[in-house]
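Chemist: Shown below is the structure under consideration.
Just so you know, all these numbers are worked out from the coordinates, no wet-lab data involved. Owing to the predicted nature of the structure, the values given are computational and were not obtained by experimental measurement. In this analysis, Cβ positions are derived from the backbone assuming ideal geometry, glycine residues included, and neighbour counts consider all displayed protein chains.
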Amino acid sequence: MNEIKEIRVDPQQWDELAKTYSGMAAAGQKGNDLVRVKSLEHKGFLYTSFSVRYTPEGHSFPSSVRAYRLFPPAMFAGETTTICHDEEAILAGRRQRGDATGLIVSVNGTPMVCVQAVHFLKDASQTAATEMKQLNLF
């Protein structure tokens, strides 16, 4: 599995990214049909997610969304698959369990490839800093 980039976002952005959770759709995949995923654009890139971790405020690690940056298939140079959980590829060492890199999904009917895993971390301090800036305007 490739190293996963971490991006800190304010709670409002995090909540929107959490809504892209498509794990249930992936788990219910029928045959080779493309998994229909929810997606969201963030800073010019399209993302979907298959894992969301909610943690209470003040916990030692923040809530996170494990998302994948999506690209058109023609822009991806690696091995692709339409099977979300490809046990044969996992056993052969071509894929790692839980890694969706190379998975072709459907975004509003358009095929896209899960290219790069990203952890979006909920950063409550960003909201507090923004609120302080706004209060200083008065």
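Chemist: Build a GNM of the chain with springs between Cα atoms under 10 Å: which of ASP99, ASP86, ASP123 gets the top mean-square fluctuation?
Modeler: Most flexible of the set in this elastic network: ASP86.
Chemist: May I have the extent of the alpha carbons of region 5-135 along their three principal axes, as whole Å values ordered from largest to smallest?
Modeler: In descending order, the Cα extents are 54, 28, 25 Å.
Chemist: Same structure, new question: Note down the magnitude of the dipole of the chain about its Cα centre, charges +1 on Lys and Arg C-beta and -1 on Asp and Glu C-beta and zero elsewhere, to the nearest 20 debye.
Modeler: 80
Chemist: Shifting gears a bit: What are the residues whose amide H is under 5 Å from the amide H of ILE7, where those residues sit 5 or more places off or on another chain and H is modelled from the backbone?
Modeler: The list, which skips near neighbours in sequence, is HIS119, PHE120, LEU121.
Chemist: Around THR81, under 12 Å between beta carbons, what's the net of Lys plus Arg minus Asp minus Glu among the other residues?
Modeler: For residues surrounding THR81, the net value is -3.
Chemist: Would you calculate a helix-derived [θ] at 222 nm for the chain, using -39,500 (n - 2.57) for each DSSP H run of n ≥ 4 and dividing by the full residue count, to the nearest 500?
Modeler: -5500 deg cm²/dmol
Chemist: Same structure again: Enumerate the lysines that LYS30 could reach by cross-link, defined here as Cα to Cα under 28 Å, with residues fewer than 8 away along the same chain left out.
Modeler: Reachable lysines: LYS19, LYS38.
Chemist: Return the distance in nm (one decimal) between the two label points of a simple spin-label model at THR80 and MET24, each offset 7 Å from Cα along Cα→Cβ.
Modeler: Label at THR80, label at MET24, 2.8 nm between them.
Chemist: Let me ask something additional. VAL107 to ASP10: extension gain in nm, 0.36 nm per residue of separation minus the Cα-Cα distance?
Modeler: Between VAL107 and ASP10, full extension yields an extra 32.4 nm.
Chemist: Could you tell me the center-to-center distance, by alpha carbons, between region 48-103 and region 8-39 in angstrom?
Modeler: Their Cα centres are 11 Å away from one another.
Chemist: Further question on the same structure: Could you pull out every residue, at least 5 positions away or on a different chain, whose amide H is within less than 5 Å of the one on ARG95? Hs are placed 1.01 Å off N in the peptide plane, and Pro or chain starts have none.
Modeler: Here ILE90 satisfy the definition.
Chemist: Between GLU41 and LEU91, what is 0.36 nm times their sequence separation minus the Cα-Cα distance? Round to one decimal in nm.
Modeler: Stretched out fully, the GLU41 to LEU91 stretch lengthens by 14.6 nm.
Chemist: Determine ³J(HN,Hα), in whole Hz, for all residues of region 78-88 in sequence, where each value follows from phi through the Karplus function 6.51 cos²θ - 1.76 cosθ + 1.60 and θ = phi - 60°; x replaces Gly and Pro.
Modeler: x, 6, 10, 8, 9, 9, 4, 10, 9, 4, 4
Chemist: In whole Å, largest first, what are the principal axis extents of the Cα atoms in region 50-113?
Modeler: 42, 31, 18
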